[in-house]
Amino acid sequence: MKNITRNDANRWIRAKIMRQKRVYEQYFTVKEYGTWKRAEAAARAWLAELIPLLPAAIPREGRLTRRNHSGVVGVSRSRGLVKKPDGRAYECPRWIAQWEGCPLHGGLSWSVKQFGEEGAFALAVISLRLKSIDRDRVLSYMEKILETAEFDEISRMPLLSSSTVTKKRSR
């Protein structure tokens, strides 16, 4: 039941929807409606009446949230914590590109150690733009655009500075 929550302890149904950062919600108690079925039907009716009056929902893909630290939707930095069987742990930081439909569960990552901070970030951005997990394709595309306006645009994008990474880690 999308947008509807049942609270057995307090015996109510809540209908809730959010549009343009504003929450619309209404409670339907079993005491008021007599049965769970009637309370739920009233909640559905309320939503059916309200939804056509609301502005369209903002699509999730491409939405920049406050949790995003790279400035690019779909690109994030990972500490890449690796634990050895003997218990030792070390970091292998990387920039990761993720998009809806990406065949790699955790996204495609690019090592900061191998490509440098800016190089790994640029490769993640290019992977996202191409929506490709083919590393050779992404690397050859980056070589192709190195001296172009497209690469200049990518290199001007905000990315985490080392001090920000350290502060984030220490929380």
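In the chain, the DSSP-assigned H stretches of four residues or longer account for a calculated mean residue ellipticity at 222 nm of -11500 deg cm²/dmol, using -39500 (n - 2.57) per stretch and the full residue count as denominator. For the pair residue 145 and residue 22, a Förster radius of 45 Å applied to the C-beta separation gives a FRET efficiency near 0.65, rounded to the nearest 0.05. Only alpha carbons enter this Debye calculation for segment 4-53, each as an equal point scatterer, and the log10 of I(q)/I(0) it gives at q = 0.20, 0.22 Å⁻¹ is -0.62, -0.72.
Each peptide among 144-152, 35-43 gets the average number of other Cβ atoms lying within 10 Å of its residues, and from highest to lowest they stand as 35-43, 144-152.
Please list 130-139, 44-53, 74-83 highest first by mean number of surrounding beta-carbon atoms within 10 Å per residue.
Values: 130-139: 14.0, 44-53: 12.4, 74-83: 16.0.
So the order, starting with the most tightly packed, is 74-83, 130-139, 44-53.
Net charge in the neighbourhood of residue 95 (other residues with Cβ under 13 Å of its Cβ; Lys, Arg +1, Asp, Glu -1) is +2. Note: the chain, Cα convex hull, 205 Å³ per residue. Pairs of lysines in the chain whose Cα atoms sit within less than 24 Å of one another amount to 16, provided the residues are eight or more positions apart or on different chains. The peptide list 8-14, 120-126, put in order of mean Cβ contacts within 10 Å with the highest first, becomes 120-126, 8-14. Note on residue 111 and residue 49: their simple-model spin labels are 6.2 nm apart, each label 7 Å out from Cα toward Cβ.
A short reminder: the numbers here are calculations on the coordinates, not readings from a lab. Since we're looking at a predicted model, the values are computed, not measured. Glycine also receives a Cβ, built like all others from the backbone with ideal geometry; neighbour counts cover every protein chain displayed.
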